[in-house]
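J.: The structure follows.
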Amino acid sequence: MLSNLMKALSGIVSIYTLLIVARIVLAWFQGPYGRNVSTGLLARVTDPFLNYFRRFHFLMMGNLDFSPVAALIVLSVAGNIFNSVAAFGRVTLGLVLALVVSAVWSAAAFFLFLFIVLIAIRAFGILARLNSASPFWRTLDMILHPVLFPITDKLMGGRGVTYLKGLLVGGAALFAVRVFGGFLAGRLVTMLQKMPF
């Protein structure tokens, strides 16, 4: 009985997660003339949950809004908890904490990898002397600036550096965080899973 209930709840969480992903993707491609009926219905179903996370200002970095990522992490952890209860009949605090750490690190690792790739693309553009005034490069710079500026400011002691050097320093720092963070997250998850309670 409990197993079936948990499987049903996990299924509901999975469907709701897909609806939120669809809402996020459709918001990127929404035209200037408003919404149609299907996106309006989707917004009414998903926006109350997404709006809860938009209240947390630390999830905003410049023009980047990470609140949907936080919402998806919460749904991922909830779905994994339901699956664990369905499979094992119980859940421990250690397992819940391990699932939270694993979900948060997965999201962080994805964004670290994404920014490393974007930095590599931008550095290639500079080295190849491509037109830096094009809309593509300006958009890429706008995405990278809120992440790179604090890193280069801390690591370079506030000294002015060329943009290419800032990209290389920032990329190296993000790569180091990705490798070291993955090692630490793996160790922490293993330790939390072994907790007896």
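J.: Quick check: is even one residue across the range 137-146 in a helix (DSSP H, G or I), open to solvent by 90 Å² or more (accessible area, probe 1.4 Å) and among the aromatic types (Phe, Trp, Tyr)?
T.: no
J.: Only one of (1) modelled with pLDDT under 95; (2) within 30 Å of residue 182 (Cα to Cα) fails for residue 116. Which number is that?
T.: Among (1) modelled with pLDDT under 95; (2) within 30 Å of residue 182 (Cα to Cα), the lone unmet condition for residue 116 is (1).
J.: Test residue 189 against the criterion of being open to solvent by less than 60 Å² (accessible area, probe 1.4 Å) and under 30 Å from residue 78 (Cα atoms), and give yes or no.
T.: Values: open to solvent by less than 60 Å² (accessible area, probe 1.4 Å): yes; under 30 Å from residue 78 (Cα atoms): yes.
Here the answer is yes, as residue 189 does meet what is asked.
J.: Tally time: how many residues in the range 140-197 are in contact (Cβ under 8 Å) with a residue 12 or more places away in the chain, within 25 Å of residue 95 (Cα to Cα) and of a type in the set (D, E, K, R)?
T.: 2
J.: Hey, can you tell me all the residues within the range 1-25 that are without any contact (Cβ under 8 Å) to a residue 60 or more places away in the chain and under 18 Å from the mean Cα position of the chain (by Cα)?
T.: 16, 18, 19, 20, 21, 22, 23, 24, 25, listed by residue number.
J.: Would you point out which residue out of 197, 180 is part of a helix (DSSP H, G or I) and either in contact with a strand residue (DSSP E or B) (Cβ under 8 Å, 6 or more places away or on another chain) or of a type in the set (Phe, Trp, Tyr) (or both)?
T.: Going through 197, 180 in turn, the sole match is 180.
J.: Hey, among 67, 102, which residue is open to solvent by 40 Å² or more (accessible area, probe 1.4 Å) and either under 17 Å from the mean Cα position of the chain (by Cα) or at pLDDT 90 or above (or both)? Spell out the reasoning first.
T.: Working: 67 fails: open to solvent by 40 Å² or more (accessible area, probe 1.4 Å).
Sole residue among the options that is open to solvent by 40 Å² or more (accessible area, probe 1.4 Å) and either under 17 Å from the mean Cα position of the chain (by Cα) or at pLDDT 90 or above (or both): 102.
J.: Just to be sure before I move on: is residue 58 within 13 Å of residue 71 (Cβ to Cβ), at pLDDT 85 or above and assigned to a helix (DSSP H, G or I) in the structure I sent?
T.: no
Here is a yes/no grid of residues against (1) touching a Lys or Arg at 6+ places or on another chain (Cβ under 8 Å); (2) closer than 21 Å to residue 58 by Cα; (3) β-branched (Val, Ile, Thr):
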| site | (1), (2), (3) |
| --- | --- |
| 104 | no, yes, yes |
| 110 | no, yes, no |
| 121 | no, no, yes |
| 126 | no, no, yes |
| 129 | no, no, no |
| 137 | yes, no, no |
| 144 | yes, yes, no |
| 154 | no, yes, no |
| 172 | no, no, no |
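J.: Return the only residue of 124, 88, 183, 82 being more than 26 Å from residue 65 (Cα to Cα), in contact with a helix residue (DSSP H, G or I) (Cβ under 7 Å, 6 or more places away or on another chain) and among the aromatic types (Phe, Trp, Tyr). Explain how you work it out, then say what you get.
T.: On the way: 124 fails: in contact with a helix residue (DSSP H, G or I) (Cβ under 7 Å, 6 or more places away or on another chain); 88 fails: in contact with a helix residue (DSSP H, G or I) (Cβ under 7 Å, 6 or more places away or on another chain); 183 fails: in contact with a helix residue (DSSP H, G or I) (Cβ under 7 Å, 6 or more places away or on another chain).
Result of the check over 124, 88, 183, 82: 82.
J.: Within the range 106-121, take every residue that is crowded, with 16+ Cβ neighbours inside 10 Å and more than 18 Å from residue 65 (Cα to Cα) and give me the one that is farthest from the chain's Cα centre (by Cα).
T.: 119
J.: Applying the selection to the range 147-181, what residues are under 16 Å from residue 115 (Cα atoms) and open to solvent by less than 40 Å² (accessible area, probe 1.4 Å)?
T.: Of everything in the range 147-181, those that are under 16 Å from residue 115 (Cα atoms) and open to solvent by less than 40 Å² (accessible area, probe 1.4 Å) turn out to be 147, 148, 151, 152, 166, 167, 169, 170, 171, 173, 174, 181.
J.: Let me ask something else about it. For residue 90, work out the one condition from (1) open to solvent by 40 Å² or more (accessible area, probe 1.4 Å); (2) in a helix (DSSP H, G or I); (3) without any contact (Cβ under 8 Å) to a residue 40 or more places away in the chain it doesn't fulfil.
T.: Answer for residue 90: the failing condition is (2).
The values are calculated or read from the model by the stated rules, or taken from the named source; none is laboratory data. The structure presented is a predicted model; accordingly, all values stated were derived computationally and were not measured. Glycine also receives a Cβ, built like all others from the backbone with ideal geometry; neighbour counts cover every protein chain displayed. Only protein heavy atoms, including side chains, enter the accessible area calculation; ligands, DNA and RNA are left aside. Shrake-Rupley method; radii C 1.70, N 1.55, O 1.52, S 1.80 Å.
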